[in-house]
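First the structure, in the form of structure tokens, and then the observations on it.
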Amino acid sequence: MNAPGEMKHQDFLRLFMACEPALRGFVRSLVPTLADSDDVMQEVAIVLWQKFGEYETAEDFRRWAFGVAKWKVLSWQRDRGRDRHVFGVETTELLAAESELASGRFELQREALRICLEKLREPERQLVDSAYGPESRIDQLASQIGMTAMALYKKLHRIRMLLVECTRRAILTKGAS
Amino acid sequence: MKNDPRLDWISEYVQGRADAEVTARLEQALREDPEFRALFLDYLSVDGALSAHAAYRPLPEADSSLGRAAHRQPSRPLPTPVWKGLAWAASIAVAGVIAWSAARERSPFARVHGSAGTDLNAGMPVRSERYCFEKGSVEFVTSKGARVVVEAPAEVRFESAECLRVFRGKVAADVPEGARGFTVLTPAGGAVDLGTRFGVDVPESGSPEVHVFEGEVIAQAKSATQKRSLRTGEATVFKSGVSESREIRSASFIQHDEVPELAAGLAAGQRAKSEAKLRSLRADPALVAALDFEEGEAFAGVYRMAQGRWPGSKAPEFVNQGDHLKVSAGEGREFTQLTLAAWVRIDRLGEPFQSLYHTDGWGPSSPGQVHWMITKATTMRLALYGNTQAPSSIDSVSPVLPERGRWVHLATVYDSSVGRMRFYLNGRFDNETRSAVSWPAKLGQAQIGNWNRHDRKLSGRVDELILLGRAMSDAEVWELFEAGNPYR
């Protein structure tokens, strides 16, 4: 038999798992650098878990989670985003609403991404590995592989576009089947 | 869409390079065009997913790039099928776990609290790097407060603030209430602490062991279905996929209160003093043997080589029934006076005797053969065949083994011309005994850690064994201890 704490954690994971891809995409869309975006996402996860006891089961977890994420993004924009170029509150609200609505789709996208990554050519896959590796720096990576940083940015942009298109096709196919 | 200039804005935004003008244009486009907004969200979601996944993919189990020197090895991308199979499947299945774990990923799992002879500095944050130590010992304190001491040679990696993976080496954990559940994983099984203190030994060759000094630990061999509860004083060895009971070896593990004293000893230059003392002893014409086990002669026997008192130094370790090391010194000679001294780190056992030095030729045909040992009462005894002494009067008085594992210096000075034996613990005189008949000492073929005729198993390490064919004075024994003391 599971302990109450363990049950609570499992409940949390089940609910959180369902909307994590959309939450992450939403946070990423409003925080312009990956490292900051990961930090904000981590803070969101902490708050959700810490306050999970206060969460009313009748309430939609997704709505609650997006509320927390929005609040965290706005806090970040206020505290650390001053010297950066960030979107206004209205755009933040708009993106939050659409991300929340499309949560299911982002889950499908996460699944499709695995297949799409496998479809990439080996050098491209390795490039993604390296570029997204912990503590990776684009300028260093570019010089390691004999490219300019700008050329590497463009290449990664093309790869991301390929992955977006591929995942969109996969979601459509799944929806049709 | 491919030639849409707005895609460049997304690209710049994702890189964190968008200036005020690009950001404003992008924002306007997002507000005006739902299709573009959807694309933007898809793009950023892919970017976020790649980053999240990259941060949590596991390291390869075997990494041949590990060097031999102590170093930190940051997590690195895997060479190829990182996106395939388990890693990705796991990231999907436990997306919640990953994201939740992410909350803690940026915070260190532990910090270096202290170190003796490694290049890790106190306060250094520790995450999921793999650490390889060839010398010294280091204490980590996890973010939950568990104190973990790792002794070289060792390779370890924190998987989280609650879990340490040990590839090889000795680890002692002291787990307070707030860190209950701290887990140590070995290649053959794991141990979950239910409070409060335990040790895990993963030898270079041989089976991993779990020892419970105090409290309770749940141990489970990798392929076993049953978990096993171990309580104070109990130990298990993970052998062939199952866990078997074994005798506890608590002295094998350096515990957290010992690390600062070892570090202070090093800082005070004790190692150099010890080496200088050994050099001066080697110039003593009365020296029979000075065994520091560092280099040169390889000793026959069955034992493990562990770290001695100094970072990276060597000391034979006796672990299993029958373990022993053979030495040969002073063959065919008689010694009217003899000093025996050793640095040892030994368990308190219920065994009748633990052998420090036992000559093979013990018997009526060779009176004066020497047996130096630790008794069941943890006192020191020197027996010479044929000497007439009542058993109750031949031992040291003080227990010579501490409750918790520590290096201790033991010495016995024998003078057959006056029938006298003097015992010393950590340089201090402990007891003197007399005998009516006392033979000159005879040495020769001998064993450390056992005796060939009867099992006199020693459980622990012997770092430095001195056999000197004269009687050291009290002051000399004190100097020997002082110079070789690893603690300050």
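The values are calculated or read from the model by the stated rules, or taken from the named source; none is laboratory data. All values reported here derive from a predicted model rather than from experimental measurement. All Cβ positions, glycine included, derive from the backbone under ideal geometry; neighbour counts span all protein chains shown.
Residue count for the range B:262-306 under the criterion of being over 28 Å from B:Asn450 (Cβ atoms), outside any helix (DSSP H, G or I) and not small (Gly, Ala, Ser): the result is 2.
Considering only residues that are in contact (Cβ under 8 Å) with a residue 60 or more places away in the chain, more than 8 Å from chain B (Cβ to nearest Cβ) and under 15 Å from A:Ala69 (Cα atoms), look in the range A:90-122 and name the one that is surrounded by the most Cβ atoms within 10 Å (Cβ to Cβ). Filtering first and then ranking leaves A:Ala96. Looking across the range B:13-50 at every residue that is in a loop (DSSP other than H, G, I, E, B) and of a type outside the set (A, V, I, L, M, F, W, C), the one that is farthest from the other protein chains (Cβ to nearest Cβ) is identified as B:Asp33. A residue that is more than 8 Å from chain A (Cβ to nearest Cβ), assigned to a helix (DSSP H, G or I), at pLDDT below 60 and within 30 Å of A:Ala149 (Cα to Cα) occurs nowhere in the range B:58-77.
Note on the range A:133-154: residues that are surrounded by 18 or more Cβ atoms within 10 Å (Cβ to Cβ) and touching a residue at least 12 places away in the same chain (Cβ under 8 Å) amount to 2.
Evaluating A:Lys51 against the criteria (1) more than 22 Å from B:Leu39 (Cβ to Cβ); (2) surrounded by 20 or more Cβ atoms within 10 Å (Cβ to Cβ) leaves one unmet condition, (2). With the checklist (1) within 20 Å of B:Leu325 (Cα to Cα); (2) polar (S, T, N, Q); (3) surrounded by 23 or more Cβ atoms within 10 Å (Cβ to Cβ) in hand, flag the one item B:Ser396 doesn't pass. Every listed condition holds for B:Ser396 apart from (1). When B:Glu151 is tested against (1) more than 16 Å from B:Asp174 (Cβ to Cβ); (2) crowded, with 20+ Cβ neighbours inside 10 Å, exactly one condition is not met: (1).
Selection within the range B:97-133: residues that are surrounded by fewer than 18 Cβ atoms within 10 Å (Cβ to Cβ) and either away from every other protein chain (no Cβ under 14 Å) or in contact with an Asp or Glu (Cβ under 6 Å, 6 or more places away or on another chain) (or both). The member of this set that is modelled with the lowest pLDDT is B:Asp119.
Here A:Lys154 meets each of (1) at positive phi; (2) facing chain B (nearest Cβ under 8 Å) with one exception, condition (1).
Yes/no per residue for (1) within 19 Å of the chain's Cα centre (by Cα); (2) more than 23 Å from B:Arg345 (Cβ to Cβ); (3) of a type in the set (Asp, Glu):
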position: B:Leu185; (1), (2), (3): yes, yes, no
position: B:Asp193; (1), (2), (3): yes, yes, yes
position: B:Arg197; (1), (2), (3): yes, no, no
position: B:Asp257; (1), (2), (3): yes, no, yes
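Does A:Leu34 satisfy the condition of being farther than 15 Å from A:Ser75 by Cα, of a type in the set (A, V, I, L, M, F, W, C) and modelled with pLDDT of 80 or more? So A:Leu34 does not fit the description; no.
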